[in-house]
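A.B. asks: Dumping the structure here so I can ask a few things about it.
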Amino acid sequence: MLKALEQLRSKALDEIPRLKDLKELEAWRVSYLGRKGTLTQLLRSLSELPIDQRREAGTAANSLKALLETSLTERQEALKKIELERLLQQSRIDVTLPGYPVRLGRLHPTTQILRETAAVFAEMGFEIVEGPEVETDYYNFEALNIPKDHPARDMWDTLWIDYTNDKGERPMLMRTHTSPMQIRFMEKRDPPIRVVMPGKVYRYEATDARHESMFHQLEGLAVDKGITMARLKGTLYEFARRLFGTDRKVRFRCDYFPFVEPGVEMAIDCFICKGNGCRVCSGEGWIEILGAGMVHPDVLRRVNCDPEVYTGFAFGMGLERIPMLKYGIDDIRLFYGNDLRFLEQF
Ligand code: FA5
């Protein structure tokens, strides 16, 4: 028995430094100290020895067990250290390597056009102001001469916020246009006013090549003594010339918006068919980019501005329509489709 223990000892201790990883170490443990391991079996067979040999063999076997267990723990620690070293080595940063170039992003085409458009108006002396996208019925409709149940509400497909007040009304909505900012601005400031107010607007409508349910508008407002329709046309002509160049055609036609009198729409000749009619312009040859007009006297009165003294013009343009006209983009849905092949061209 003692001889067997001695052989086992030298074999086990000889093997242990050659074990390369924790997996091999585990196999070693199982083969000596596991339930069916060699040492475990020897320990079990102690009971079969004659009583005079059992004591000595027992002591030797138990001290060998303790020795193997200590060796196991030591090797385990050593292997863990080696593994850690290897991992550290792998992830070590070589500061002499050339760096990775930083991939620069770019501004979304809508952001670019928003800034470009606002800058054109800033050069003409307009200030730039932003406002809330969640509006109240009052600012989005009522203060703009569109009372409840007025048929003019049909002009704007509206997304209502699911909130009911004490009176059982649903007064909040995603703004359908930037025109509520006219009221908000005039409530705070007296004339003279020259301001543009860009931002997101929302409509519950079916999308097509020219219509999105979320898009951007830029609202313009000028209120002062002696503001006329000629000033409105002059400002918008100048804007179109600066943004699209002198060779583009601009068309004004009468239109109806409850908060202006008279009202107009401005269209630019279609960039694709050059006025002949195509899918993008629905065969019309023109693409409407804005609604405008002279601020209605009732709107001025509502914000305590005397319409006998002051007059004003206002306009609201669809911002996505501008890069569509400028770069010949034939589908508005491309703007928010998150396709980098489209976005990276700007
Ligand atoms: C308005 O929203 C008025 N608030 C404009 C206005 C302002 C009139 C101030 C008078 C005075 P309209 O719904 O027509 O009007 O929208 C204005 C512009 O937004 C349109 O000319 C068009 O360029 C753009 N537009 C309208 N609906 C969409 C849509 N679904 N997707 C993309 N652009 C749109």
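A.B. asks: Cβ-Cβ under 7 Å, sequence separation 6+ or interchain: first residue in the range 234-251 and within 18 Å of ALA222 (Cβ to Cβ), partner among the β-branched types (Val, Ile, Thr). Which pairs?
C.D. replies: TYR237/VAL250; PHE239/VAL120; ALA240/VAL250; ALA240/ILE268; ARG242/VAL120
A.B. asks: Report, by residue number, each residue of the range 195-211 that is open to solvent by 70 Å² or more (accessible area, probe 1.4 Å) and in a strand (DSSP E or B). Before you say what the answer is, go through the steps one by one.
C.D. replies: Taking the range 195-211 first, the residues open to solvent by 70 Å² or more (accessible area, probe 1.4 Å) are 200, 204, 206.
Within the range 195-211, just LYS200 meets the criteria.
A.B. asks: Can I ask one more? I'd like the full set of residues that are open to solvent by 60 Å² or more (accessible area, probe 1.4 Å) and within 15 Å of the ligand (Cβ to nearest atom), limited to the range 287-301. So that I can check it myself, show each step before the final result.
C.D. replies: From the range 287-301, those open to solvent by 60 Å² or more (accessible area, probe 1.4 Å) are 288, 298, 301; that's our starting set.
Matches in the range 287-301: GLU288, ASP298.
A.B. asks: If I filter the range 325-333 for residues that are touching a residue at least 24 places away in the same chain (Cβ under 8 Å), in a helix (DSSP H, G or I), open to solvent by less than 10 Å² (accessible area, probe 1.4 Å) and within 14 Å of the ligand (Cβ to nearest atom), do I get at least one hit?
C.D. replies: Within the range 325-333, one or more residues are touching a residue at least 24 places away in the same chain (Cβ under 8 Å), in a helix (DSSP H, G or I), open to solvent by less than 10 Å² (accessible area, probe 1.4 Å) and within 14 Å of the ligand (Cβ to nearest atom).
A.B. asks: State all residues of the range 256-285 that are assigned to a strand (DSSP E or B), open to solvent by less than 60 Å² (accessible area, probe 1.4 Å) and either more than 24 Å from ASP208 (Cα to Cα) or touching an Asp or Glu at 6+ places or on another chain (Cβ under 8 Å) (or both); if no residue qualifies, say none. Give the derivation first.
C.D. replies: Kept after step one, since they are assigned to a strand (DSSP E or B), are these residues of the range 256-285: 260-269.
So of that shortlist, the ones also open to solvent by less than 60 Å² (accessible area, probe 1.4 Å) come out as 260, 263-269.
Matches in the range 256-285: VAL260, GLY263, VAL264, GLU265, MET266, ALA267.
Residue-wise test of (1) open to solvent by less than 60 Å² (accessible area, probe 1.4 Å); (2) touching a residue at least 40 places away in the same chain (Cβ under 8 Å); (3) farther than 30 Å from GLU344 by Cα; (4) in a helix (DSSP H, G or I).
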site: GLU15; (1), (2), (3), (4): yes, no, yes, yes
site: THR40; (1), (2), (3), (4): yes, no, yes, yes
site: LEU43; (1), (2), (3), (4): yes, no, yes, yes
site: THR73; (1), (2), (3), (4): no, no, yes, yes
site: ILE93; (1), (2), (3), (4): no, no, yes, no
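A.B. asks: Just the residues that are within 32 Å of the chain's Cα centre (by Cα), away from the ligand (no atom under 16 Å from the Cβ), surrounded by 11 or more Cβ atoms within 10 Å (Cβ to Cβ) and part of a loop (DSSP other than H, G, I, E, B), please, taken from the range 144-162.
C.D. replies: ILE161
A.B. asks: I would also like to ask the following. Out of the range 27-60, which residues are more than 60 Å from the chain's Cα centre (by Cα), closer than 15 Å to LYS11 by Cβ and among the aliphatic types (A, V, I, L, M)?
C.D. replies: LEU39, LEU42
The values are calculated or read from the model by the stated rules, or taken from the named source; none is laboratory data. It should be emphasised that the depicted structure is a prediction, and the values quoted were computed from it without experimental measurement. Methodologically, a virtual Cβ is constructed for each residue, glycine included, from the backbone with ideal geometry; neighbour enumeration extends over all protein chains shown. Heads up: the accessible areas ignore ligands, DNA and RNA and are worked out on the full protein's heavy atoms, side chains in. Shrake-Rupley method; radii C 1.70, N 1.55, O 1.52, S 1.80 Å.
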